[in-house]
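Shown next, in structure tokens, is the structure this report addresses.
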Amino acid sequence: MQDFLGSLRRSLVFRPGGDDSPFAGIANKLGSAIRKSRIALEPPPPIRWRKGELIGSGGFGHVYMGMNLDSGELIAIKQVLIAPGSVFKENTQANIRELEEEIKLLKNLKHPNIVRYLGTAREEDSLNILLEFVPGGSISSLLGKFGSFPESVIKMYTKQLLLGLEYLHDNGIIHRDIKGANILVDNKGCIKLTDFGASKKVVELATINGAKSMKGTPHWMSPEVILQTGHTISTDIWSVACTVIEMATGKPPWSQQYPQEVSALFYIGTTKSHPPIPEHLSAEAKDFLLKCFHKEPNLRPSASELLQHPFITCNYHGSYSILRSSIRDSCNKMATYGMNSRNL
């Protein structure tokens with residue numbers, strides 16, 4: 001294709017009429033487009049990096065702070081060790097497969113409220129995902145440091161979470177593990193949704209096994225996930241409401257009544273109730289939660305609809321408007337990484 005365009009460009013350049021010919025302008029534009037396309041086709045060089053201190057861990061492996069040795073940028077490194085002789089070999093292989101699935105999804109996602117994918121590095125003894133480093137840590141860790149959040153902060157974080165989910169859902173992706181531990185906060189209050197290990201394309205879930213698999217964290221799981229009657233984007237909406245309760249109380253939903261995960265699983269799967277809604281929340285916040293906690297998944301609002309809910313749209317007074325403006329500006333700057341919220 002490029003050979004053809006090159007010959008076409010040469011034929012246009014040497015048409016009679018000189019530089020003033022209308023063909024000259026076309027040829028120059030075409031040549032510029034070809035040069036740009038060649039640049040775009042070239043894969044970016046691999047990132048040179050160095051691993052630093054441990055900043056988190058989970059069932060999948062560990063997360064380290066790292067440094068980009070070319071730019072000096074701080075990055076996060078999500079690492080799974082590959083140990084062929086290990087007694088946990090089967091577990092390790094499952095973690096690697098999950099990490100590879102996460103890479104497939106992350107590399108195509110560009111949104112200011114989703115953690116930025118930077119690259120992958122495979123070493124002899126590990127598989128590593130290089131990610132944007134978010135300095136504030138997770139909502140879960142902030143709750144541990146500062147206690148429950150005021151409603152103004154809950155609203156700001158929830159709005160950004162819904163914007164990230166709207167982007168995912170519009171592109172046919174269900175996160176399947178929304179909770180405070182998987183939402184990072186930068187130093188300007190801009191949130192970043194992370195940990196896509198459980199995430200799936202809707203088309204991949206349109207199978208008997210895929211739709212009925214149990215993924216997520218028990219206290220944040222919707223009843224249909226626990227009963228394994230199928231995943232839809234409404235699964236994430238239930239978990240959003242659970243995360244709002246987590247931010248409002250500093251504890252996972254249901255944890256006061258059912259601190260053990262097994263007992264929580266059983267109760268959520270069999271009860272017709274929803275998690276207790278904190279009394280101190282506003283009427284708008286309570287209504288928002290009740291809509292998200294509808295037992296019928298198809299009757300829950302979408303992320304786009306929830307962004308129009310009074311809990312999200314009504315304004316608080318005083319310093320909140322300044323906070324909102326600061327966060328909006330911070331997140332808007334992140335959009336320069338090439339966000340296209342409708343097309344992957």
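The values are calculated or read from the model by the stated rules, or taken from the named source; none is laboratory data. What you see is a predicted model; the values in this text were computed from it and never measured. Quick reminder, even Gly has a Cβ in these numbers, built from the backbone with ideal geometry, and neighbours come from all protein chains shown.
Observations
- Taken as a whole, the structure places residue 96 among residues that are β-branched (Val, Ile, Thr), more than 14 Å from the chain's Cα centre (by Cα), farther than 14 Å from residue 49 by Cα and in the same structural domain as residue 71 (by TED's automatic domain parsing).
- Taken across the range 49-64, residues that are part of a helix (DSSP H, G or I) and either modelled with pLDDT of 75 or more or at negative phi (or both) do not occur at all.
- Matching option when the condition is over 11 Å from the mean Cα position of the chain (by Cα) and either part of a helix (DSSP H, G or I) or free of Cβ contacts under 8 Å to residues at least 24 places away in the same chain (or both), among 164, 136, 144: 144
- The listed residue being at positive phi, assigned to a loop (DSSP other than H, G, I, E, B), touching a Phe, Trp or Tyr at 6+ places or on another chain (Cβ under 9 Å) and surrounded by fewer than 23 Cβ atoms within 10 Å (Cβ to Cβ), out of 119, 189: 189
- Qualifying positions in the range 203-247 - modelled with pLDDT under 50, surrounded by fewer than 20 Cβ atoms within 10 Å (Cβ to Cβ) and under 20 Å from the mean Cα position of the chain (by Cα): 203, 204, 214
- Every test in (1) modelled with pLDDT under 90; (2) more than 21 Å from residue 54 (Cβ to Cβ) is passed by residue 151 save one, and that test is (1).
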